[in-house]
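Each remark here refers to the structure printed beneath this line.
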Amino acid sequence: MASSSSPQRLLRLLSLILLLLFAFCSISESSQFCDAGIGYGESCGVSSSSSTKLLIKGGTVVNAHDMEVADVYVEDGIIVAVRPNIKVGDDVTVLDATGKFVMPGGIDPHTHLAFEFMGSETIDDFFSGQAAALAGGTTMHIDFVIPVNGSLLSGLEAYEKKSKKSCMDYGFHMAITKWDEVVSKEMEIMVNEKGINSFKFFMAYKGSLMINDELLLQGFQKCKSLGALAMVHAENGDGAYEGQRRMIELGITGPEGHALSRPPVLEGEATARAIKLAGFVNTPLYVVHVMSIDAMEEISEARKSGQKVIGEPVVSGLVLNDSWLWDPDFITAAKYVMSPPIRAAGHGEALQAALSMGALQLVGTDHCPFNSTQKALGIDDFQKIPNGVNGIEERMHLVWDTMVESGQISVTDYVRVTSTECARIFNIYPRKGAIRAGSDADIIILNPNSSFEISAKSHHSRSDTNVFEGWRGKGKVEVTISGGRVVWLNDELKVFPGSGKYVEMRPFSYLFNGIGKADEKYLSSLKAPVKRFRATT
């Protein structure tokens with residue numbers, strides 16, 4: 001008997017050793033993050049909530065098309081039930097949301113974390129940027145992968161390494177910076193194997209990221225064939241280059257030169273051109289960071305004519321104006337430098353109106369922060385100031401304060417522009433962007449009667465400045481739940497690196513509905529080729 005049981009004891013011993021080694025490796029990895037000072041919470045590397053069961057009780061549950069007083073029951077990261085008076089056992093953590101709004105967590109469609117640009121790298125990586133997002137009520141973001149030497153696969157590999165620190169769910173867009181058969185094949189891999197369903201084309205940044213109209217057309221055609229959404233940074237790159245040269249000749253080297261070198265007309269022209277080329281190909285188009293009346297009007301007119309164009313304002317463009325760029329203190333002025341620039345007073349108000357009327361569809365941030373030391377690289381030349389501002393933590397609060405508190409949009413519209421429409425556009429609805437049974441438990445509790453104040457001293461970004469410094473408003477996210485875990489409560493953030501998940505996004509979102517029929521109609525309208533007879537003598 002002793003000899004026959006020895007192999008079993010040996011197997012049990014080996015299993016125990018392997019289990020201890022796995023645990024040690026996991027703890028060691030978490031300890032590395034903790035030693036680097038990037039953990040939040042009492043016990044870095046340990047989940048903020050020991051319970052996998054949550055009940056959010058008595059709140060007003062808000063979706064993009066309806067709202068009701070109901071309880072929300074969550075188990076193992078998934079919403080199980082949404083209805084009044086849910087009864088639960090003692091093993092369930094209960095959150096009282098009476099008098100408050102229970103909403104889908106925000107989805108930020110436009111971020112740049114750990115982004116190498118203009119000789120610097122954004123100060124927020126995939127942990128600090130996501131931690132800031134969660135503190136502000138955003139539970140998912142979509143970041144832009146930049147190719148490495150034009151290679152999409154190499155770019156994705158680099159971003160997969162960067163995102164190992166993630167503490168919330170995220171997805172990827174892919175930028176296209178050159179065109180050849182290799183890039184075309186890699187686009188197919190991105191869509192069919194890697195869960196990426198959108199590609200961004202830069203019409204600006206001459207000499208680095210900018211592409212020409214020939215590439216734009218080829219890219220649009222490829223996007224259409226794959227069911228992927230074409231996105232554009234719409235500024236006339238040649239015009240901006242000429243504008244920069246003009247400012248330097250005039251001796252205008254400070255941050256105000258940035259805005260003066262790329263006026264709204266350049267954004268409007270590029271937006272119109274991209275829309276017309278997308279119409280020529282008959283593929284949906286997404287215009288990122290719409291900053292001006294000029295660009296907004298082009299999008300509005302195209303949508304009126306039936307073209308499928310999405311316009312994304314960012315929160316800095318909605319609520320700020322360019323007056324700070326003329327501040328005599330360089331550090332103050334430089335922190336507002338981004339592209340397209342923050343515009344003069346009047347543009348933001350027009351963008352707000354367009355958002356309220358549906359001419360623009362959702363709000364992003366273009367979160368791309370550099371600290372004051374990095375911005376100082378351009379102290380003698382605005383062309384060397386790294387472009388980008390913060391917003392990932394502030395977006396949900398500022399949209400509520402600016403748009404809902406003012407009466408410009410409803411509470412349900414707030415959910416639509418901050419979460420649901422993004423989920424629909426990028427084909428992850430209703431897994432994301434909804435409070436309903438079967439959806440991911442990415443949830444916020446917002447108190448409309450509570451106040452907030454924004455400051456670089458208290459925000460969770462690593463940046464030492466904040467473009468919304470001193471803003472006070474109504475409507476505060478008091479609780480954030482990410483993947484069923486309570487990560488923000490009582491102004492305390494409890495998150496740990498590596499807890500986020502990559503979300504794959506399928507092609508052929510609702511924007512592609514009807515594209516095939518429109519192509520058929522176009523072909524039948526040509527009445528060609530015409531059969532002709534050769535003339536005989």
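The values are calculated or read from the model by the stated rules, or taken from the named source; none is laboratory data. Small disclaimer: the values here were computed from a predicted structure and weren't measured. Neighbour counts run over all protein chains shown; Cβ positions are idealised from the backbone, glycine included. Accessible surface areas use protein heavy atoms only, side chains included; no ligands, DNA or RNA. Shrake-Rupley method; radii C 1.70, N 1.55, O 1.52, S 1.80 Å.
Quick notes on this structure:
- Here the simple spin-label model places points 7 Å from the Cα toward Cβ, and for V92 and K164 these points are separated by 3.9 nm.
- Backbone amide hydrogens, once placed in the peptide plane, bring V479 within less than 5 Å of I445, excluding anything fewer than 5 places away on its chain.
- Calculated SAXS-style log₁₀ I(q)/I(0) at q = 0.11, 0.13 Å⁻¹ - the chain, Debye, Cα scatterers: -0.96, -1.32
- Take the chain with all the other protein chains still there, run a 1.4 Å probe, and you get 43 Å² of accessible area per residue.
- Full extension of the chain segment joining Q307 with D238 gains 22.2 nm, where the gain is 0.36 nm per residue of separation less the Cα-Cα distance.
- Local net charge near L209, Cβ-Cβ under 13 Å (Lys/Arg +1, Asp/Glu -1): +1
- Percent carbon-and-sulfur accessible area, region 350-507, ignoring ligands, DNA and RNA, probe 1.4 Å: 46
- Our estimate of slack between D66 and L489, defined as 0.36 nm per intervening residue step minus the Cα-Cα distance, is 149.7 nm.
- Only protein atoms count toward the accessible area here, which uses a 1.4 Å probe; on region 171-231, the carbon and sulfur part of that area reaches 46 percent.
- Whole-Å distance, taken between Cα centres, linking region 45-117 and region 416-433: 16
- Over region 101-220, relative contact order from alpha-carbon pairs under 8 Å, at least 6 apart, %: 21
- Pairwise FRET efficiency - D213 versus S450, Cβ, R0 = 35 Å, nearest 0.05: 0.10
- Percent of C-alpha pairs per 5 Å bin, region 399-470, short to long: 3, 14, 17, 17, 18, 19, 10, 2, 0
- Taken about its Cα centre, the chain carries a charge dipole of roughly 1860 debye when the Cβ of each Lys and Arg holds +1 and the Cβ of each Asp and Glu holds -1.
- Protection proxy ranking, highest mean first, for peptides 66-72, 209-215, 164-170: 164-170, 66-72, 209-215, where packing is the per-residue count of other beta-carbon atoms within 10 Å, averaged.
- Packing rank of 305-312, 476-483, where each peptide gets the mean count of other beta carbons within 10 Å, highest leading: 476-483, 305-312
- Shape category assigned to region 107-244 from the gyration tensor of Cα positions, a/c cut at 1.5: oblate
- Reducing region 301-357 and region 153-193 to their Cα centroids gives an inter-centroid distance of 28 Å.
- At 1.002 mPa s and 20 °C, Stokes diffusion of region 172-220 via Kirkwood alpha-carbon radius, µm² per second: 191
- Over the residues of the chain, the helix contribution to mean residue ellipticity at 222 nm works out to -10000 deg cm²/dmol, using -39500 (n - 2.57) for each DSSP H run of at least 4.
- Spacing of the two label points (7 Å from each Cα toward its C-beta) at S372 and N192, in nm: 5.3
- Dipole magnitude of region 320-386 about its Cα centre (Cβ charges: Lys, Arg +1; Asp, Glu -1), debye to nearest 20: 140
- The N321 and R245 beta-carbon pair, evaluated with R₀ = 35 Å, returns a calculated FRET efficiency of approximately 0.85.
- Computed E for I331/R472 - FRET, C-beta separation, R0 25 angstrom, nearest 0.05: 0.65
- Burial ranking of peptide ranges 443-454, 76-87 (average Cβ count within 10 Å, highest at the top): 443-454, 76-87
- Length available on full extension from K531 to L153: 0.36 nm per residue minus the Cα-Cα distance, which gives 131.3 nm.
- Beta bridges from DSSP with both residues in the chain: antiparallel share about 50 percent, rounded to the nearest 5.
- Against the chain, whose longest principal axis is taken from its Cα atoms, helix 347-357 shows a tilt of about 70°.
- Per-residue Karplus couplings for region 411-421, computed as 6.51 cos²θ - 1.76 cosθ + 1.60 with θ equal to phi - 60°, are listed in order as 5, 5, 5, 4, 4, 4, 7, 9, 8, 5, 5 Hz, Gly and Pro entered as x.
- Percent RCO, i.e. relative contact order, over the chain, from Cα pairs under 8 Å lying at least 6 residues apart: 21
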